[in-house]
Amino acid sequence: MFFGGFITCLLVSFILFFFSYLIWKKKELSFISGYNEQTFKGDKNKLVNAVGSFLMITGVLTLILPFALEFIGSIGGIIFMTIIIIGIIGLVIYINSINKK
């Protein structure tokens, strides 16, 4: 059971790392959902830094998830879910704040 979850989380983590690289380092803004060149008025560098770093942190957490589930139990999944939800809320608030400037 552990190896199936580990392989799945490894694949998802790789995908998150790949999109983080494309957005953060290559500045491919088209990969950001809901991004529109005409309506976004904020700093594009801050946007790619925020989204890219969030994807990188999510990739690391996804890589750690099967180990947390194996050694801590279901509380590890609850902690993972809580961190991701709080991160998404914080990211949305931050993106809205840099778009108003």
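A short reminder: the numbers here are calculations on the coordinates, not readings from a lab. Please read these numbers as outputs of a predicted model, since none were measured by experiment. As a convention, Cβ positions derive from the backbone with ideal geometry for all residues, glycine included, and neighbour counts pool all protein chains shown.
Would you calculate the volume per residue, in Å³, of the smallest convex hull containing every Cα atom of the range 5-55?
Values: hull volume 3.5 nm³, N = 51.
Cα convex hull per residue, to the nearest whole number: 68 Å³.
Comparing 8, 31, 45 along the charge dipole axis of the chain, the residue lying farthest to the positive side is 45, per the Cβ-charge model.
Within a straight-line Cα-Cα reach of under 20 Å, residue 100 can be paired with the following lysines, leaving aside sequence neighbours fewer than 8 residues apart in one chain: 41, 44, 46.
Straight-line reach from residue 25: taking Cα to Cα under 17 Å and skipping same-chain neighbours fewer than 8 places apart, the aspartates and glutamates in range are 43. Restricting the chain to GluC sites (Glu not before Pro) that sit in a DSSP loop and have at most 11 other Cβ atoms within 10 Å of their own Cβ leaves 37.
Projecting the alpha carbon convex hull of the chain along each direction and taking the average yields 6.4 nm². Across q = 0.25, 0.30 Å⁻¹, the range 51-95 modelled as identical point scatterers on its alpha-carbon atoms has Debye log10 I(q)/I(0) values of -0.85, -1.03, in the order of the q list.
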